[in-house]
1. For A262, work out the one condition from (1) assigned to a strand (DSSP E or B); (2) surrounded by 17 or more Cβ atoms within 10 Å (Cβ to Cβ) it doesn't fulfil.
2. Which condition breaks for T266 when tested against (1) free of Cβ contacts under 8 Å to residues at least 24 places away in the same chain; (2) farther than 25 Å from V362 by Cβ?
3. Say whether the condition of being outside any strand (DSSP E or B), open to solvent by 50 Å² or more (accessible area, probe 1.4 Å), small (G, A, S) and modelled with pLDDT of 80 or more is met by at least one residue in segment 320-331.
4. Could you check segment 350-388 and list, in sequence order, the residues that are part of a strand (DSSP E or B) and among the aromatic types (F, W, Y)?
5. What's the number of the only condition in (1) open to solvent by less than 50 Å² (accessible area, probe 1.4 Å); (2) closer than 24 Å to H438 by Cβ; (3) out of contact with any Leu (no Cβ under 8 Å at 6 or more places or on another chain) that P348 fails to meet?
6. Testing A126 on (1) at pLDDT below 85; (2) among the small types (G, A, S); (3) open to solvent by less than 60 Å² (accessible area, probe 1.4 Å), one condition comes back false. Which one is that?
7. Please determine whether any residue of segment 44-58 is open to solvent by 20 Å² or more (accessible area, probe 1.4 Å), modelled with pLDDT under 80 and touching a Lys or Arg at 6+ places or on another chain (Cβ under 9 Å).
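The values are calculated or read from the model by the stated rules, or taken from the named source; none is laboratory data. Since the model is a prediction, treat every value here as computed from it, not as a measurement. All Cβ positions, even for glycine, are placed from backbone atoms using ideal geometry, and neighbour counts span all protein chains on display. Protein only, heavy atoms only, side chains kept; ligands, DNA and RNA dropped before computing areas. Shrake-Rupley method; radii C 1.70, N 1.55, O 1.52, S 1.80 Å.
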Amino acid sequence: MFQWLSNWILDGLKHSPEILLFLSLSLGYLIGGIRIGKFQLGGVAGSLLVAVALSVFGVTVDAGVKAVLFALFIYAVGFESGPQFFRSLGVKTLREIFLALFIAVAGFVTVVVLAKLFNLDKGLAAGLAAGGLTQSAIMGTASDALTQLGLSPEELSRLQSNVTIGYAVTYIFGSLGAIIVCVNILPKIMGREINDDAIKAEAEQLHGSLLLGSGQNFALSDVTGRLFRITNKVNQTVESLEKVINGISIERIKRGNRIIEAAPETLLKAKDIILVVGHRDAMIAAADLLGEEVNSAQGMDVVMNTQDVEMRNTRYVGQNLTQVLSSDEVMKLKHGIYLIAVHRDGQPLPLNNDMVFKLGDVITIYGTDGDLRRVVDRIGAPITKSEKTDWIFHGLGLVVGLIIGLIVIRVSDIPITLGAGGGALLSGLLFGWYRSLHQTVGNIPTGAVQLLKDFGLAGFVAVVGLSSGLQAINTIKDQGLSLFLIGVVVTLLPMLLGIYFGKYVLGYKNSAVFSGALAGSRSANPAFGEVLNKAGNSTPTNSFAITYALANVFLTLLGPLVVAFV
């Protein structure tokens, strides 16, 4: 019975790669969460190792699954960082260009030197470059280059097969080693933690403002509500009192046991209890002028809401905050409405008198539902908060990215392409930037973005492990550890040299930004995922996006170069 059950389970696993995929994720994150001192493998690297172990079942995972998972991950990363990426382009990106070029040159030299030292043929050397540098496109460009050498069909087939063998043996550590270097070694050499520097960089981008997380609020809110019993300002209208105490609004009045309307012309009488809402500094003045403060009064609770509105009214565009607030139209509209924040390209703007409004600014206002409805249409279009994802927008974004990835440009018979990953990243950046300008389309909840990133990347590396792990293990058994160990050097040496080059020559100071750039310059997507986890925010994404795009070109070119020089 036990033997039958065991055989049934093993047979089922061989024909159900989806079970092994999710088992790799579950056990991988469990192992990745174990901390030894300050070292922690992380969920992505853990998923890769578990998947390699589970590859002994000999399952076959469709290559399309890997492509879909990675496209979801890299598109989500690009979408989240699009506004900040385009805002950061300029002279400052030169160091990312030099870093990506340095890593490519260092990787090329390392592969060629080791290939000559250990008498590797052109096929194994090209596979070593593809796997050790985790750039699968090298396999294609190297195989194409081999066909141009005039070799016999048998020799050509042998060398092209060796490309695959070299890749399979070295790719696993190519991914794992990049994670270790970016997440564990780089911070030690820099003497700075990724998370600390990510928080510092985010604070600089926010101009000193605090970015609140989900469920967080300031202890001292700028707008507050209080109850007063009128003893001083008797027989004054609501409108006249609001003019005397600038920055408040009277939202409700209780006279005896009756709730009466707080209309502009309503006269306030002695012992009236009024609900006053306003800025904290104005409320202090109100306390001195109105009378005694009341702790509570039945029927005086009023529900207040916040509403994000996209600025579309051209009348206010180009005017500063003082000009807008003092205009006749706004003076009539602003009763009970309070400006909480203004965001541009996803970043908060300081609310000072010199701040100038632009089309597409997201304006956050606070007030009762009735007051909000009265004002929103005068500003622009309301931004509806929803837990649903706009798949019309994002489905199109993924399609555009994958089509871009199909484009191939040939330079001297060398195919140059961004590939599905590079295309999805570029599309995500563009669609994220467009969303920042048009907030009424392209909604996707923050949790959904995080799910796409986590599941997409961890699932991608798990599929790689399940698909290539057994072949790599068998090759190591047949040929010994020499090729694997050579691959370890190809993975680690260029990155370690790159760290010192980036620190002392290019002048990187922020380890979060630097780790993102280093991961991108090596096309090390799993490493980038772990860097994001360590950072806790999207700070590393800008530098990664730039070096990743460049690495797809620079590293792809190594295929024919390795074939030519080995």
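1. (1)
2. Condition not satisfied by T266: (1).
3. Among the residues of segment 320-331, not one is outside any strand (DSSP E or B), open to solvent by 50 Å² or more (accessible area, probe 1.4 Å), small (G, A, S) and modelled with pLDDT of 80 or more, which makes the answer no.
4. Matches in segment 350-388: Y366 only.
5. Among (1) open to solvent by less than 50 Å² (accessible area, probe 1.4 Å); (2) closer than 24 Å to H438 by Cβ; (3) out of contact with any Leu (no Cβ under 8 Å at 6 or more places or on another chain), P348 violates only (3).
6. Going through (1) at pLDDT below 85; (2) among the small types (G, A, S); (3) open to solvent by less than 60 Å² (accessible area, probe 1.4 Å) one by one, A126 breaks only (1).
7. yes
A quick yes/no check of all residues on (1) surrounded by 13 or more Cβ atoms within 10 Å (Cβ to Cβ); (2) under 50 Å from the mean Cα position of the chain (by Cα):
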residue: I245; (1), (2): yes, yes
residue: D272; (1), (2): yes, no
residue: D281; (1), (2): no, yes
residue: D288; (1), (2): no, yes
